[in-house]
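The values are calculated or read from the model by the stated rules, or taken from the named source; none is laboratory data. Only a predicted model underlies this, so the values are computations on that prediction, with no experimental measurement involved. Every residue, glycine as well, gets a Cβ built from its backbone with ideal geometry; the counts of neighbours run over all protein chains shown. With ligands, DNA and RNA removed, areas are computed over all heavy atoms of the protein, side chains included. Shrake-Rupley method; radii C 1.70, N 1.55, O 1.52, S 1.80 Å.
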Amino acid sequence: MGTNRLRRAGLAFAGLAAAVAILGAACSSDDEQQQSVAEQPQQEQQQQQMMQAEQQDQQQQVMQAEQQDHQQQQQAVADAQQHDDQQEQQDHEQDQHDHEQDQQQQHQHQQQQQAMQEEPKDPIVFSDLNWLSSEVQTRVVAYIVEHGYGYPTELVAGDTVSLWAGLTNNDTHVTLEIWPAQQPWIDDLDEGVIELLGDSLDENWEGWVVPQYVKDANPDLVSVFDLPDYQDLFVTADSRGKARFVGCIAGWACELVNLNKVTAYGLEDVVDVVDPGSGAALFADLEGAYARGDNWLGYIWGPTKPTATLDLYRLEEPEWTEECWNGDQGCAYPSSEVRIAVNTSLVDRAPDVIEFLRAWDYTAAEQIDTEIWMGDNDETPDAGAIWYLQNQDAWKARVPADVAERVVAALADEG
């Protein structure tokens, strides 16, 4: 019985202990829960503080970036303003420099004009050879020399032979077309009499020709040696039963050359050589026959208006050799440069003109354009020279700017 009581007391005590344990656990859980609930506002506050700090950092970065952009913009504006100020200063200095140069050039121009007026210059005499290219070119150059360089000029008309003598005797001072192939006496001239300065006309040739339509109608007419077989094609009422051959003008070097060729080719009884009287008449004879479709035989050279505008056939001749040309001249004309020659007396007294003539480069195209204008308007070489100077600009590059200005000013008075 006592044992049972003890057992019941033990069980009661164990139950009591268990209840106490359960009650303690419950209390502990409530404390932790209360502590967790108490800690939660503090964490949220920390997170908010962190977010606010981040936002402040971001705002500060944005403000710093905006401040940097503003500073950069201000610096760019300042740099641009400085560049503009520097450019304006440079432009101002350049304008001053240009103005000073203009004043200096005007002063030099005035001095040159005054010197030209105060120091009379001796005339420069030009050989006025009697064919169109020379007539035009001589007037062009003489106009530039007189109005651009201030030298009085004179033109002396004549032919190749007479004006060669005039040049070597110092009766003329400038010849703008020397054809060395036809003037072999150049090689025999004593040194110091003339000086060859440069070239005139860049394309040149000489020969015997027929219109291309004559060649087309007579395919076997190829060379000068075929002329006996086609003599009747060129007979006219006044050619004494021979083929009419229009040759060079009396006094031209080619006059004698063509006569020598006739003899060398054995054509004395085949052709009747006719002197047309002038270069213009020679061109008119050829152009008139061509316009009518007539047969025509004769001498021509280029560059000229007829050779540029008409379809011509050059009769074949034996090839040129020096031995042939120094002998009977029974061969083709040589290709040769057309030269500018001056009497040496001009070298010392007109060095500026000598320099100009060395730079002169009158081309075949320029000459042909002028000849075509003259033909279309029935004008003279004097008018042709003025037209060339007023309508072609190539000559301006061959003279100093102040010379060109004076020539242009003179041309303005020509109308």
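Taking 0.36 nm per residue of separation and subtracting the Cα-Cα distance, full extension of the segment from GLN55 to ASN169 would add 30.2 nm. Computed with a 1.4 Å probe over protein heavy atoms only, the accessible area of ARG339 comes to about 50 Å².
On a per residue basis, the convex hull of the C-alpha atoms belonging to region 221-347 measures out at 139 Å³.
On a per residue basis, region 119-251 carries 41 Å² of accessible surface, using protein heavy atoms and a 1.4 Å probe.
For the pair ASP352 and ILE372, the difference between a 0.36 nm per residue extended length and the Cα-Cα distance amounts to 4.0 nm. Rolling a 1.4 Å probe over the protein heavy atoms gives region 308-415 an accessible area of 50 Å² per residue.
Both radii are taken from the alpha-carbon atoms of region 359-415; with Rh as the Kirkwood radius, Rg/Rh is 0.98. Could you work out how far the C-alpha centroid of region 346-415 sits from that of region 137-198, in angstrom? That distance is 17 Å.
When only the Cβ of Lys, Arg, Asp and Glu is charged (+1, +1, -1, -1), the dipole of region 235-286 relative to its Cα centre reaches about 80 debye. From largest to smallest, the equivalent ellipsoid semi-axes obtained for region 271-415 from the alpha-carbon gyration tensor read 34, 24, 12 Å. Sorting 252-260, 74-82, 215-223 by average packing, meaning the other beta carbons within 10 Å per residue, from highest down gives 252-260, 215-223, 74-82. This model, with +1 at the C-beta of Lys and Arg and -1 at the C-beta of Asp and Glu, gives region 279-415 a dipole about its Cα centre of some 240 debye. Positive-end ranking of SER133, PHE234, ILE178 along the dipole of region 112-249, with charges on Cβ about the Cα centre, is headed by PHE234. The aspartates and glutamates whose alpha-carbon is closer than 15 Å to the alpha-carbon of LYS121, local same-chain residues fewer than 8 away aside, are GLU146, GLU154, ASP348, ASP352.
Ignoring lysines fewer than eight residues from LYS242 along the same chain, the ones with Cα atoms less than 27 angstrom from its Cα are LYS215, LYS261. Taking label positions 7 Å along the Cα-Cβ direction at both GLU154 and GLN96, the computed distance is 5.4 nm, reported to one decimal.
Each of VAL274 and GLN87 was given a label point 7 Å from its Cα along the Cα-to-Cβ line. The distance between the two points is 7.4 nm.
Summarising the amide proton neighbourhood of TRP205: residues at separation of 5 or more, or on other chains, whose placed amide H is nearer than 5 Å comprise GLY302. Counting only protein heavy atoms and a probe of 1.4 Å, the accessible surface of region 166-307 is 46% carbon and sulfur. The length gained by stretching the chain between GLU195 and GLN72 to full extension, at 0.36 nm per residue less their Cα-Cα distance, is 37.0 nm.
When every Cα-Cα distance of region 321-399 is counted in 10 angstrom steps from zero, the calculated P(r) takes the values 15, 28, 29, 23, 5 percent.
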